[in-house]
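First comes the structure, then the notes that go with it.
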Amino acid sequence: MSDIRKKLKLAILISGRGSNMMTIHKSCQDPDFPAEIALVLSNRPDAGGLAYAKDHNIPTEVVDHKEFSSRDEFEAEMHNRIEPYKPDLIILAGFLRILNAPFVKKWPNRILNIHPSLLPEYKGLNTHARAINDGKTESGCTVHYVVPELDSGQTIIQKRVPIFNDDTPETLEKRVLEQEHIAYPEAIKLVANNILSE
Ligand code: GRF
């Protein structure tokens, strides 16, 4: 048996602090983890996660959506900047732009997203406030494949957390985020191992 373990290349797309990207990066330090980060791309030049990526010698790209007059042009440029890194998977980690069908269809079954609710409940924004307002006793996060319809692709992994009577959107967000940091590396490992065994 060969000692050289194949690793899939990840392009991670962020818009902000990038805590999910950081936990994925930590998982990638494990020699048995089947993936490595080839690129961190942000649509915001001031995204906090870019500094972490640079500090850890991860290649970064910025494609500022504000510089484009249409979403299709923005996404075409993103594709041009991602493609040279030849990623096997595109990982949306707090990437706060909706992706149009032409971009999504270029990477069939190769784009993953993490969403802070138990999909199909609470697609879209303000998931924690909506769950609390509805009197739910449970929430969580979902890692799923990305399809052109928002937050609708096949679920890969879900993690559940309780909602307590005195929860605010902030306290619930913190509890869910802890689970996101477990769920995303697990989901990437699952998907990458499936691809590697194809
Ligand atoms: C996470 O809650 C994720 O579920 C949502 O945006 C947040 C990103 O956090 N899509 P971070 O940038 O990974 O810290």
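The values are calculated or read from the model by the stated rules, or taken from the named source; none is laboratory data. Predicted, not measured: the structure shown is a model, and the values here were computed from it. Cβ coordinates were reconstructed from backbone atoms using ideal geometry, including for glycine residues, and neighbour counts include every protein chain displayed.
Checking the conditions here, which among ILE4, ILE98 is among the hydrophobic types (A, V, I, L, M, F, W, C), more than 16 Å from the ligand (Cβ to nearest atom) and at pLDDT below 95? Write out each step before concluding.
Details: ILE98 fails: more than 16 Å from the ligand (Cβ to nearest atom).
That would be ILE4, the only listed residue that is among the hydrophobic types (A, V, I, L, M, F, W, C), more than 16 Å from the ligand (Cβ to nearest atom) and at pLDDT below 95.
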*From the list ASP167, ASP151, pick out the single residue that is at pLDDT 95 or above and in a loop (DSSP other than H, G, I, E, B).*
ASP167
*Would you check which residues across the stretch 127-164 are loosely packed, with under 13 Cβ neighbours inside 10 Å and under 17 Å from the mean Cα position of the chain (by Cα) and list them?*
GLU149, GLN154
*Counting just the residues of the stretch 112-139 that are in contact with a helix residue (DSSP H, G or I) (Cβ under 6 Å, 6 or more places away or on another chain) and assigned to a strand (DSSP E or B), which one comes out farthest from GLU75 (Cα to Cα)?*
SER139
*Collect the residues in the stretch 49-75 that are surrounded by 15 or more Cβ atoms within 10 Å (Cβ to Cβ) and small (Gly, Ala, Ser), keeping them in residue-number order.*
GLY49, ALA53
*Of all the residues that make up the stretch 154-164, how many are out of contact with any Gly (no Cβ under 7 Å at 6 or more places or on another chain), free of Cβ contacts under 8 Å to residues at least 40 places away in the same chain and outside any loop (DSSP other than H, G, I, E, B)?*
3
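One line per residue, one yes/no per condition, for (1) in contact with a Leu (Cβ under 9 Å, 6 or more places away or on another chain); (2) within 12 Å of the ligand (Cβ to nearest atom); (3) of a type in the set (Phe, Trp, Tyr); (4) assigned to a strand (DSSP E or B):
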{"residue": "ILE12", "(1), (2), (3), (4)": "yes, yes, no, yes"}
{"residue": "VAL40", "(1), (2), (3), (4)": "yes, yes, no, yes"}
{"residue": "PRO45", "(1), (2), (3), (4)": "no, no, no, no"}
{"residue": "LYS54", "(1), (2), (3), (4)": "no, no, no, no"}
{"residue": "ILE58", "(1), (2), (3), (4)": "yes, no, no, no"}
*asked:* Among the listed residues THR142, THR137, identify the single one that is within 16 Å of the ligand (Cβ to nearest atom), modelled with pLDDT of 95 or more and among the hydroxyl-bearing types (Ser, Thr, Tyr).
replied: THR142
*Any residue at all in the stretch 60-68 that is of a type in the set (Lys, Arg) and not in a loop (DSSP other than H, G, I, E, B)?*
yes
*Got a number for residues in the stretch 18-35 being surrounded by fewer than 15 Cβ atoms within 10 Å (Cβ to Cβ) and either assigned to a helix (DSSP H, G or I) or in contact with a helix residue (DSSP H, G or I) (Cβ under 7 Å, 6 or more places away or on another chain) (or both)?*
1
*Going by the conditions given, is HIS79 under 16 Å from the mean Cα position of the chain (by Cα), within 25 Å of ILE195 (Cα to Cα) and surrounded by fewer than 22 Cβ atoms within 10 Å (Cβ to Cβ)?*
no
